[in-house]
1. For ILE92, what is the net charge nearby, where nearby means another residue's Cβ is under 13 Å from its Cβ and Lys, Arg count +1, Asp, Glu -1?
2. Convert 37 °C to kelvin, take the viscosity as 0.692 mPa s, use the Kirkwood radius over C-alpha pairs of segment 32-104 as Rh, and evaluate the Stokes-Einstein diffusion coefficient in µm²/s, rounded to a whole number.
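Each reported figure results from applying straightforward, stated rules to the coordinates on display, with no laboratory input. Computed from a predicted structure; not experimentally measured. Using ideal geometry, Cβ is built from the backbone for each residue, glycine included, and neighbour counts are taken over all protein chains shown.
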Amino acid sequence: MAHMRFWRRWRGRGRPPKPRIISMSFNDAVFIPFKPPPPNAPLSDVITLAPDELEALRLVYLENLSQSEAAKRMGISRGTLWRLLNDGRKKIVRALVELKPLLITTSS
């Protein structure tokens with residue numbers, strides 16, 4: 001297991017939260033900027049997010065629609081929407097954790 005950190009946030013009201021164990025190492029970096037991929041970046045270093053994955057994430061997490069409502073708006077089944085959300089979340093988290101550029105394609 002890598003570096004262990006305890007993280008907790010408490011605003012003072014209600015029950016205090018339990019410490020969360022974060023077992024990741026960011027080389028003690030406090031600020032990690034996001035950079036779009038350079039035009040000549042090798043494709044193996046770029047994580048590609050499809051437009052339908054981005055739209056599913058936007059509808060559910062930014063517009064606060066339920067999965068059923070978002071699926072209806074996109075014209076797909078709820079199961080397909082769930083898979084798009086799952087794949088999109090994995091790609092975004094992988095890009096953040098591995099510090100890789102995230103490329104949003106214009107066509108599926």
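1. Numbers: positive: ARG58, ARG89, LYS90, LYS91, ARG94, LYS100; negative: GLU53, ASP87, GLU98.
Residues close to ILE92 contribute a combined charge of +3.
2. Numbers: Rh = 13.0 Å.
Rounded, D is 253 µm²/s.
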